[in-house]
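Engineer: I have a structure here, written as structure tokens, and I will follow up with some questions on it.
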Amino acid sequence: MLKIKDLHAKVEDKEILKGINLELNAGEVHAIMGPNGSGKSTLASVIAGKEEFEITKGGVFFENEDLEDTAPEERAHKGIFLSFQYPVEIPGVSVTNFMKTAINESRKARGMEDMPANEMLKMIREKSEMLDIDRKFLSRSLNEGFSGGEKKRNEIFQMAMLEPKLAILDETDSGLDIDALRIVANGVNKLRSKDNAVLVITHYQRLLEYIVPDFVHVLHDGKIVKSGDKALALELEEKGYDWLKQESAV
Amino acid sequence: MAYTEEELKKELETKEYEYGFYTDIESETFPNGLNEEIVVAISKKKEEPEWMTEWRLESFRYWKEMVEPEWANVHYTKPDFQAISYYSAPNKKPKYNSLDEVDPELLSTFERLGISLDEQKKLAGVAMDIVMDSVSVATTFKKTLAEKGIIFCSISEAIKEHPDLVKKYIGTVVPQKDNFYAALNSAVFSDGSFCYIPKGVRCPMELSTYFRINQAGTGQFERTLVIADEGSYVSYLEGCTAPSRDENQLHAAVVELIALDDAEIKYSTVQNWFPGDKSGKGGVYNFVTKRGICEKNAKISWTQVETGSAVTWKYPSCILKGDNSIGEFYSIAVTNNYQQADTGTKMIHLGKNTKSTIISKGISAGKSQNSYRGLVQVNSRAENARNFSQCDSLLMGNECGAHTFPYIETKNKTAQIEHEATTSKIGEDQIFYCNQRGIDTEKAIALIVNGFSKEVLNKLPMEFAVEAQKLLEISLEGSVG
Ligand SMILES: Nc1ncnc2c1ncn2[C@@H]1O[C@H](COP(=O)(O)OP(=O)(O)OP(=O)(O)O)[C@@H](O)[C@H]1O
Ligand SMILES: [Mg+2]
């Protein structure tokens, strides 16, 4: 589904991604771990098409198509979703209104009519119940004054509404309390199917107990320095990153 | 053979007289220029009573002594007042026979605004039953209104049919010599609307008028007078669109609102006149005086969505004369490309326990300049006056400007005045966030702008709110590269 080939990317002349290779197939869950500043969010942004980052070498392929000339909104229409590490506030725009716009824009891109209001309402009810979100919350301005945890839960609500093929979760677990973590993880697992793939960026192995990955990759200084199965996450939790940093320096 | 300057002038003068101002005028548009004869001719053309003619002449004499105000934060070439024609009757001949002949770009704008086909025809000047211009729209609701004793007609008609009401109230809120443009309007106003709601009557529908500027080079001088008698209520809508013009058009309207004891007037405007092209050429000069007076327990709300005009100079104001009266001002002003807007309000607290609220949302894009100018004045007699003002500016790009000029004058220590102001910018992160959810940049901006303006949009009557939202979208199109 997603193929990243020798990806190099820079921002303002600073090279951040230095040759990443990664392949996600439908039905798989991959986790990316790695120290602060290693380039995890950058990788997520590049996949989502943020223009700030310039690809200097290699590329990102989605369903065998080079995404280089694909605008961020078109990537979204194709089914790529990013749960942001730092969700952005949009004052005056309610969660519901935002979702309605997002869903109908994607439908329009696929040549479909707007979603009928009752269908939309039903979906909102279902998904908000699944994620244990109070409906009052949905009429508030998007992310404005939301607590850290509320923002993250709201990202997953959006994911559930948009039903993407590829979901990238950038530290969605940070800021969630223990109960919320379980609820959110549950929401992600509900999306999992043989047709979808999930890329989980996290610092903590705890999330991976709920969303069990097929593969774990360690990103360090813009490169994947080690890959393994879920046991690798446990090992990292125990040993930290130093041993890998040394290994990769050799 | 070359004329001497003197000969040329003479020839032109006599030519003017050939039109025969005092008797039957055949032409649809008066020759350019302004003098006492023209003022009299307008009045005669409208078959006005003598007192009205005198009132106009008096105004004209004031105007001659006045100079254009220069304090506003706008820059433009001053109109040549002698190069404007001051009267334009409805052009009976349609410009087009069918919509197919109309500029498709104009039509697509109408379509996106959700304007009905009939209305599109009207606005574009396609042949149909009713053609409207600076002479007011005939309204079909008249009968329903008449049953309740509501008078809603053109000001010209009111001058003839209801002279006592007009005579009693015209110029009482905006005096003839109030300012340069008000004086000019008082002298030459072409038409406008008149509305009277009798005691205790709640007007059962939104009263609306559509004005547009049609004939090139014809200044538009509307005069509106709304009187809400004791304990009555009315909601009044004023909306404008204008076809593209490459020459500047002057627009100087006067609106007077009178809310007697316990009455309420809601006055909503969507203004969408030609703002000039992308390089700043053309566009309407909009110099408007709007003011209302509140008697005891009365309330006046001004709500405006200003997206058009090249230069806007407009301060809908409230004189809170009666005790416990309330004034409100809700405004969205959008400027793009080279537009300039200097707009705001004045809240004059005279009575006790008077309250005012000001919510102003300025959105600037392109190379435009957007200024809020507001005055809150509390007089010595106005015990316990309260005001809350909030002025928010949203900037798009680095080349536009937002300015806030709040003036506060209080002569009473019990006054409570609160002022809040914010300036924000549409961030790339916000846009990327929307993009990531499948919303393209143009739509994202519309969404963000609508969110920013929500408090004001919510104050508009339903059908107007939808149109206003679309208008915001269209006005900001292409504002982000
Ligand atoms: N717009 C930018 N301009 C300059 N440097 C940037 C920019 N964006 C990211 N960087 C730098 O790129 C590096 C990688 O950042 P990134 O956000 O991808 O790290 P991360 O792995 O997600 O870290 P964390 O675990 O803290 O979230 C950092 O050193 C960061 O400072
Ligand atoms: Mg990060």
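Engineer: Checking B:THR404 against (1) surrounded by 15 or more Cβ atoms within 10 Å (Cβ to Cβ); (2) more than 9 Å from chain A (Cβ to nearest Cβ); (3) touching an Asp or Glu at 6+ places or on another chain (Cβ under 9 Å), only one condition comes out false. Which one?
Structural biologist: Here B:THR404 clears every test but (3).
Engineer: Taking the options A:PHE137, A:PHE61, name whichever one is hydrophobic (A, V, I, L, M, F, W, C) and modelled with pLDDT of 95 or more.
Structural biologist: A:PHE61
One line per residue, one yes/no per condition, for (1) within 16 Å of ligand 1 (Cβ to nearest atom); (2) farther than 16 Å from A:PRO87 by Cβ:
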{"position": "A:ASP170", "(1), (2)": "yes, no"}
{"position": "A:ASP173", "(1), (2)": "yes, no"}
{"position": "A:LEU176", "(1), (2)": "yes, no"}
{"position": "A:VAL184", "(1), (2)": "no, no"}
{"position": "A:LEU191", "(1), (2)": "no, yes"}
{"position": "A:ASP195", "(1), (2)": "no, yes"}
{"position": "A:VAL198", "(1), (2)": "no, yes"}
{"position": "A:THR202", "(1), (2)": "yes, yes"}
{"position": "A:LEU207", "(1), (2)": "yes, yes"}
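Engineer: Only one of B:VAL137, B:VAL174, B:VAL166 is modelled with pLDDT under 70 and in contact with a strand residue (DSSP E or B) (Cβ under 8 Å, 6 or more places away or on another chain). Can you tell me which?
Structural biologist: Exactly one residue qualifies, and that residue is B:VAL137.
Engineer: Assigned to a helix (DSSP H, G or I), closer than 21 Å to A:LEU82 by Cβ and within 14 Å of chain B (Cβ to nearest Cβ): is that true of A:ARG107 in this structure?
Structural biologist: yes
Engineer: Based on this model, can you work out whether A:ILE16 counts as within 14 Å of ligand 2 (Cβ to nearest atom), part of a strand (DSSP E or B) and more than 14 Å from every other protein chain (Cβ to nearest Cβ)?
Structural biologist: In short, yes.
Engineer: Let me ask you something else. For region A:54-69, name all the residues that are charged (D, E, K, R) and within 18 Å of the chain's Cα centre (by Cα).
Structural biologist: A:GLU63 - this is the single residue of region A:54-69 that is charged (D, E, K, R) and within 18 Å of the chain's Cα centre (by Cα).
Engineer: I've got another one for you. Residue check: is A:SER106 small (Gly, Ala, Ser), open to solvent by less than 60 Å² (accessible area, probe 1.4 Å) and under 19 Å from the mean Cα position of the chain (by Cα)?
Structural biologist: When the stated conditions are applied, A:SER106 passes them.
Engineer: Now for a different question. Select from region B:452-463 the residues that are surrounded by fewer than 23 Cβ atoms within 10 Å (Cβ to Cβ) and facing another protein chain (nearest Cβ under 7 Å) and list them in ascending order.
Structural biologist: B:LYS454
Engineer: Within region A:132-168, can you find the residues that are away from chain B (no Cβ under 13 Å), basic (Lys, Arg) and within 16 Å of ligand 1 (Cβ to nearest atom)?
Structural biologist: A:LYS152
Engineer: Here's a follow-up. In the set A:GLU113, A:GLU129, which member is more than 8 Å from chain B (Cβ to nearest Cβ), closer than 18 Å to A:ILE156 by Cβ and surrounded by fewer than 12 Cβ atoms within 10 Å (Cβ to Cβ)?
Structural biologist: A:GLU129
Engineer: Among the residues of region A:70-88 satisfying the criterion of being within 14 Å of the chain's Cα centre (by Cα) and within 16 Å of ligand 2 (Cβ to nearest atom), which is nearest to A:ALA48 (Cα to Cα)?
Structural biologist: Selected residue: A:LEU82.
Engineer: While we're looking at this one, here's another question. Can you tell me how many residues in region B:432-445 are buried (at least 22 other Cβ atoms within 10 Å of the Cβ) and out of contact with any Pro (no Cβ under 8 Å at 6 or more places or on another chain)?
Structural biologist: 6
Engineer: Would you mind listing the strands (runs of 3 or more DSSP E) fully within region A:28-103 where at least 2 residues are touching a residue at least 12 places away in the same chain (Cβ under 8 Å), open to solvent by less than 10 Å² (accessible area, probe 1.4 Å) and within 11 Å of chain B (Cβ to nearest Cβ)?
Structural biologist: Passing ranges, in order: A:80-83, A:90-94.
Engineer: Name, by its number, the condition in (1) under 15 Å from the mean Cα position of the chain (by Cα); (2) without any contact (Cβ under 8 Å) to a residue 24 or more places away in the chain that does not hold for A:ASN118.
Structural biologist: Answer for A:ASN118: the failing condition is (1).
Engineer: Which members of region A:1-13 meet the condition of being open to solvent by 10 Å² or more (accessible area, probe 1.4 Å) and within 15 Å of ligand 1 (Cβ to nearest atom)?
Structural biologist: Within region A:1-13, A:HIS8, A:LYS10, A:VAL11, A:GLU12, A:ASP13 meet the criteria.
Engineer: Take region A:22-49 and flag every residue that is of a type in the set (D, E, K, R) and either within 13 Å of ligand 2 (Cβ to nearest atom) or over 16 Å from the mean Cα position of the chain (by Cα) (or both).
Structural biologist: A:LYS40
Engineer: Conditions first: (1) away from chain A (no Cβ under 14 Å); (2) touching a strand residue (DSSP E or B) at 6+ places or on another chain (Cβ under 6 Å). B:TYR338 passes all but one, so which condition is the exception?
Structural biologist: (2) is the only condition that B:TYR338 fails.
Engineer: Taking the stated definitions as given, is B:VAL466 more than 8 Å from chain A (Cβ to nearest Cβ) and open to solvent by less than 10 Å² (accessible area, probe 1.4 Å)?
Structural biologist: No, not satisfied.
Engineer: A follow-up question, please. Does region B:359-371 include one or more residues that are open to solvent by 30 Å² or more (accessible area, probe 1.4 Å), out of contact with any Pro (no Cβ under 8 Å at 6 or more places or on another chain) and at pLDDT below 95?
Structural biologist: Yes - at least one qualifying residue is present in region B:359-371.
Engineer: Right, something else. Considering only residues of region A:14-27 that are near ligand 1 (Cβ under 9 Å from one of its atoms) and of a type outside the set (Lys, Arg), which is surrounded by the most Cβ atoms within 10 Å (Cβ to Cβ)?
Structural biologist: A:LEU17
The values are calculated or read from the model by the stated rules, or taken from the named source; none is laboratory data. These numbers were taken from a predicted model, which means no experiment stands behind them. All Cβ positions, even for glycine, are placed from backbone atoms using ideal geometry, and neighbour counts span all protein chains on display. For the accessible areas, the whole protein counts, side chains as well, though only heavy atoms, and no ligand, DNA or RNA atoms are used. Shrake-Rupley method; radii C 1.70, N 1.55, O 1.52, S 1.80 Å.
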